[in-house]
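I have placed the structure first, in the form of structure tokens, so that the comments after it can refer back to it.
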Amino acid sequence: MTYAAFYQESIQDPQGFWAKEAQLIDWHKPYDQVLDHSKPPFAKWYVGGETNLCYNAVDRWLASQADQPALIAISTETNTEKTYSFAELHAEVQRMAAIMLGLGVKQGDRVLIYMPMIAEAAFAMLACARIGAVHSVVFGGFASKSLATRIDDAKPVLVISADAGMRGGKAVPYKPLLDEAITLAEYKPAHVLLVDRGLDTMQIEAGRDVDYAAARAQHMYAQVPVTWLESNAMSYVLYTSGTTGKPKGVQRDVGGYAVALASSMKHIFCGKPGETYFATSDIGWVVGHSYIVYGPLIAGMATIMYEGTPIRPDAGIWWSIVEKYKVTRMFSAPTAVRVLKKHPSELMRKYDLSSLKALYLAGEPLDETTSSWIANELGVSIIDNYWQTETGWPILTVAHGVEQTSTRLGSPGIAMYGYDVRIIDENTGAECAANEKGVVAIKGPLPPGCMQTVYGDDQRFVNTYWSNFSHEQLYSTFDWGIRDADGYYFILGRTDDVINVAGHRLGTREIEESISSHPQISEVAVVGVEDKLKGQVAVAFAILKKPELAETPEQKRALEAEVMSVVDKQLGAVARPSRVHFVSILPKTRSGKLLRRSIQAICEGREAGDLTTIEDPSSLQQIQAALKV
Ligand code: AMP
């Protein structure tokens with residue numbers, strides 16, 4: 001079948017198409033209805049069907065490949081490496097599930113996971129899935145305020161964490177940040193389960209904190225049966241940034257997600273049982289959920305969990321892993337490749353990479369230089385893929401499991417099956433012609449695997465994503481894009497205040513709120529500015545309450561460092577702006593709206609754009625002057 005026919009079938013007969021795809025997973029009870037779209041934009045997939053993500057990822061492989069590798073946990077930070085077979089993973093997940101049940105976790109309860117990239121983090125996610133608890137993984141790079149916001153929104157009965165992570169040879173403590181977050185949060189979780197890696201001493205709160213090793217020892221032979229869940233039960237909540245300062249909880253289902261992952265592993269990632277998949281992301285991001293933990297295991301593949309950087313002990317480390325574990329499919333981000341590009345390529349050539357069939361890159365725009373360089377070094381297909389936390393699996397790429405469609409430099413690809421992608425004129429709501437810039441939108445219903453709603457706030461889901469165009473039921477991705485005459489898309493940046501630093505999605509509003517909490521700051525604007533290595537970096541322009549505090553260059557530098565440390569402490573180093581400039585006025589419209597796009601344009605050396613509504617043009621000169629310092 002050609003991809004064009006495959007795609008057409010998915011759009012014209014979604015029910016028939018997704019009924020076939022549903023056969024890729026095991027169902028405990030068959031569904032009654034493939035799709036219920038009676039209350040758009042809400043889409044319910046596989047209504048009445050019962051299944052379980054953990055069952056599909058672990059248990060169903062026990063009959064055919066119990067002793068084959070399932071989870072390979074590698075840390076170049078602690079120099080440890082351990083392979084768990086499907087049988088061993090099954091046992092560990094049951095132990096973790098038994099601990100959770102013992103701590104009173106029930107079906108539908110939220111469990112917040114704040115952990116480094118260690119095997120126990122995967123056990124925790126799978127154990128939640130097994131007993132029908134809803135996990136909410138928070139990226140380990142986030143600090144106490146970010147964590148507190150998420151605790152208050154998710155209201156977890158249990159938090160699972162560790163003493164510390166490790167990065168670049170240094171321990172990065174988790175427990176003190178978690179303790180501070182719980183102090184800051186209004187909601188108090190009943191228990192905290194802690195994996196003690198021996199990297200940092202922990203202050204234990206009696207009655208609340210539980211030691212994982214001791215609890216595990218009590219449940220060595222635990223047998224915890226799978227809880228069968230209706231397809232539309234909640235599997236997880238993953239927070240992501242948007243236009244407001246308050247992160248959105250992207251809520252996902254069970255059955256639709258399992259089918260979408262099984263289907264994408266087959267048609268897009270071409271994964272086969274017994275092979276090894278290596279995604280270099282983190283469980284705190286959507287790639288970690290879909291393509292470190294669930295996707296590869298659902299496809300019967302071994303998956304690698306990697307703690308460490310791409311260049312330690314040297315820039316050959318990832319390739320040595322590919323050789324050792326005969327990785328066939330690898331998934332990373334353009335930033336990581338740009339980091340590797342700075343190191344001698346002999347480090348890559350030293351290894352036998354013949355097992356590798358393709359490298360998938362996502363999370364941020366893939367520039368042509370990076371793409372051509374890595375394609376040349378590896379000699380395998382480099383496949384860009386564009387998607388979002390909200391969708392859970394690729395919207396644009398090529399599906400080489402269906403047809404060997406060619407890729408095009410600078411384009412993440414063509415529309416994936418199930419996604420009715422449109423380019424919409426922002427003002428008229430009409431569809432753009434080929435090569436015309438518009439907003440990338442998707443006509444509802446979204447395919448299986450995409451977000452069900454914003455956790456706890458259906459109205460926010462409707463208002464945020466489905467109310468941007470007056471005409472049809474259109475989901476906005478908040479990305480600008482164009483489609484060429486052959487159906488290849490090009491992504492041209494966000495339409496909102498979200499920025500993308502090294503593939504990490506951050507809201508400039510959140511950073512602004514954090515900077516504003518510094519007692520000397522009266523107002524601040526944060527914008528994303530193009531960066532050769534990280535794609536974008538955050539740059540802040542702040543107005544001081546007392547301008548005399550930053551008159552000399554020394555004073556400016558000291559204050560800049562102070563502001564940065566506020567962001568570090570509250571949100572985490574990942575959100576730290578690369579520069580904080582001090583100005584006395586910010587560019588605004590006469591109605592008081594910050595002209596962030598003009599600031600961004602000036603920072604990138606472009607024209608400031610339409611300034612007919614600007615209140616005081618001298619504000620732009622201040623931005624220009626500040627950049628020269
Ligand atoms: P996240 O939800 O963190 O995965 O971020 C999603 C956003 O990252 C998208 O809306 C895009 O702005 C950007 N993005 C993700 N993948 C790509 C890609 N392959 N090319 C260009 N931008 C991308």
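The values are calculated or read from the model by the stated rules, or taken from the named source; none is laboratory data. Predicted, not measured: the structure shown is a model, and the values here were computed from it. Cβ placement follows ideal geometry from the backbone for every residue including glycine, while neighbour counts extend to all protein chains displayed.
Annotations
- Flag if residue 126 is outside any loop (DSSP other than H, G, I, E, B), free of Cβ contacts under 8 Å to residues at least 40 places away in the same chain, of a type in the set (A, V, I, L, M) and crowded, with 21+ Cβ neighbours inside 10 Å: no
- Residue count for the range 488-498 satisfying the condition of being more than 9 Å from the ligand (Cβ to nearest atom) and touching a helix residue (DSSP H, G or I) at 6+ places or on another chain (Cβ under 8 Å): 1.
- Search result, residues across the range 360-405 that are outside any loop (DSSP other than H, G, I, E, B) and farther than 21 Å from residue 266 by Cα: 368, 369, 370, 371, 372, 373, 374, 375, 376, 377, 378
- Subset of the range 149-172 [surrounded by fewer than 21 Cβ atoms within 10 Å (Cβ to Cβ) and either under 22 Å from the mean Cα position of the chain (by Cα) or on the phi > 0 side of the Ramachandran plot (or both)]: 152, 155, 166, 167, 168, 169, 172
- Contact annotation: residue pairs with Cβ atoms under 7 Å, 6 or more positions apart or on different chains, pairing a residue in the range 471-498 that is of a type in the set (Lys, Arg) with a partner that is away from the ligand (no atom under 12 Å from the Cβ) and at pLDDT 95 or above, are 483/423; 483/434.
- Qualifying residue in the range 139-149 (condition: assigned to a helix (DSSP H, G or I), more than 19 Å from residue 118 (Cβ to Cβ) and out of contact with any helix residue (DSSP H, G or I) (no Cβ under 6 Å at 6 or more places or on another chain)): yes
- Looking across the range 211-261 at every residue that is more than 16 Å from the ligand (Cβ to nearest atom), crowded, with 24+ Cβ neighbours inside 10 Å and of a type in the set (A, V, I, L, M, F, W, C), the one that is farthest from residue 500 (Cα to Cα) is identified as 229.
- Considering (1) farther than 27 Å from residue 282 by Cβ; (2) touching a residue at least 60 places away in the same chain (Cβ under 8 Å), the lone condition that residue 506 does not fulfil carries the number (1).
- Scanning the range 599-613 for residues that are surrounded by 18 or more Cβ atoms within 10 Å (Cβ to Cβ) and either over 18 Å from residue 537 (Cβ atoms) or of a type in the set (D, E, K, R) (or both) turns up just one, 608.
- Matching residues in the range 199-227 - criterion: being within 19 Å of residue 119 (Cα to Cα) and in contact with a strand residue (DSSP E or B) (Cβ under 9 Å, 6 or more places away or on another chain): 199, 200, 210, 211, 212, 213, 215
- Entry remark, the range 436-484: residues being assigned to a loop (DSSP other than H, G, I, E, B) and either within 15 Å of the ligand (Cβ to nearest atom) or of a type in the set (D, E, K, R) (or both) number 10 in total.
- Some residue of the range 473-487 being in contact with a strand residue (DSSP E or B) (Cβ under 7 Å, 6 or more places away or on another chain) and modelled with pLDDT under 95: yes
- Of all residues in the range 375-397, those satisfying the criterion of being surrounded by fewer than 24 Cβ atoms within 10 Å (Cβ to Cβ), more than 8 Å from the ligand (Cβ to nearest atom) and either of a type outside the set (Asp, Glu) or free of Cβ contacts under 8 Å to residues at least 24 places away in the same chain (or both) are 375, 376, 378, 379, 380, 381, 382.
- Count of residues meeting criterion [within 24 Å of residue 597 (Cα to Cα), surrounded by fewer than 23 Cβ atoms within 10 Å (Cβ to Cβ) and among the small types (Gly, Ala, Ser)] in the range 539-559: 0
- Note on the range 570-605: residues that are farther than 18 Å from residue 513 by Cβ, part of a helix (DSSP H, G or I) and of a type in the set (Lys, Arg) total 1.
- In the range 31-56, the residues that are without any contact (Cβ under 8 Å) to a residue 12 or more places away in the chain form Cβ pairs under 8 Å with partners that are in a loop (DSSP other than H, G, I, E, B) and surrounded by 15 or more Cβ atoms within 10 Å (Cβ to Cβ), at six or more places apart or across chains, as follows: 36/43.
- Condition met for residue 574 (over 22 Å from residue 238 (Cα atoms) and either among the hydrophobic types (A, V, I, L, M, F, W, C) or modelled with pLDDT of 95 or more (or both)): no
- Strands (runs of 3 or more DSSP E) fully within the range 183-286 that include at least 3 residues being touching a Ser or Thr at 6+ places or on another chain (Cβ under 7 Å): 236-240, 248-252.
- Filter result for the condition that a residue is surrounded by 18 or more Cβ atoms within 10 Å (Cβ to Cβ) and within 22 Å of the chain's Cα centre (by Cα), over 423, 499, 482: 499
- The single condition among (1) in a strand (DSSP E or B); (2) in contact with a Leu (Cβ under 9 Å, 6 or more places away or on another chain); (3) surrounded by fewer than 21 Cβ atoms within 10 Å (Cβ to Cβ); (4) in contact (Cβ under 8 Å) with a residue 24 or more places away in the chain that residue 522 does not satisfy is (4).
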